[in-house]
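Here the structure comes first, spelled out in structure tokens, and everything after it is commentary.
The values are calculated or read from the model by the stated rules, or taken from the named source; none is laboratory data. As the structure is a computational prediction, the values presented were derived from the model and not from experiment. All Cβ positions, even for glycine, are placed from backbone atoms using ideal geometry, and neighbour counts span all protein chains on display.
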Amino acid sequence: MHIVKCKFSFNECEEKIKNEIKRLNAILFAEIDHKKNAEEVGLELNKCKVLYFGNPRVGTILMQKKIEISYDLPLRVSIWEKDKETYIAYKLPSEIAKEYSIESEVLKKMDEFIQTIISSVT
């Protein structure tokens, strides 16, 4: 897993990542707001969201090779705030595929895709 510091506030980082996902013609499938979920059960947590996104035309190629990779798809990033700084955690698709012994030409493009998203906020 890679962890990088964002050069924007949490809210700006989240918005820029969502815009970049859309700009790259991918789909934002889900958003988990861990802070909100914690508050609903009376607990405190710094801002923390996980965004799940991707393109079925690409992810399906990997699942056709080995369906078990569906556990790690769609792609995701975790965004959190700590000590007034914003951080992002992510895995490269090629690293995920390696865990499943999958090789595919599409992985290079997928890596570039997620690196483009991350570089838009770092």
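Annotations
- Here the strands (runs of 3 or more DSSP E) wholly within the range 43-113 that include at least 1 residues being among the β-branched types (Val, Ile, Thr), in contact with a strand residue (DSSP E or B) (Cβ under 8 Å, 6 or more places away or on another chain) and over 16 Å from ALA26 (Cβ atoms) are 75-82, 85-90.
- Residue among SER70, SER94 that alone is of a type in the set (Gly, Ala, Ser) and in contact with a Lys or Arg (Cβ under 9 Å, 6 or more places away or on another chain): SER94
- Pairs with Cβ under 7 Å, 6+ apart, first in the range 104-122 and of a type in the set (Asp, Glu), second surrounded by fewer than 17 Cβ atoms within 10 Å (Cβ to Cβ): ASP111/SER94
- For TYR71, the criteria (1) surrounded by 14 or more Cβ atoms within 10 Å (Cβ to Cβ); (2) over 18 Å from THR116 (Cβ atoms); (3) under 15 Å from the mean Cα position of the chain (by Cα); (4) not β-branched (Val, Ile, Thr) hold in every case but one, which is (1).
- Long-range neighbours under 6 Å by Cβ, at least six apart or interchain, first residue among the charged types (D, E, K, R) within the range 19-38, second in a helix (DSSP H, G or I) and modelled with pLDDT of 95 or more: GLU20/ILE117
- Taking the criterion of being outside any helix (DSSP H, G or I) and in contact with a strand residue (DSSP E or B) (Cβ under 6 Å, 6 or more places away or on another chain), the residues of the range 31-42 that qualify are GLU31, ILE32, ASP33.
- Sole residue being in contact with a Gly (Cβ under 7 Å, 6 or more places away or on another chain) and at pLDDT 95 or above, chosen from LEU92, LEU107, LEU75, LEU62: LEU75
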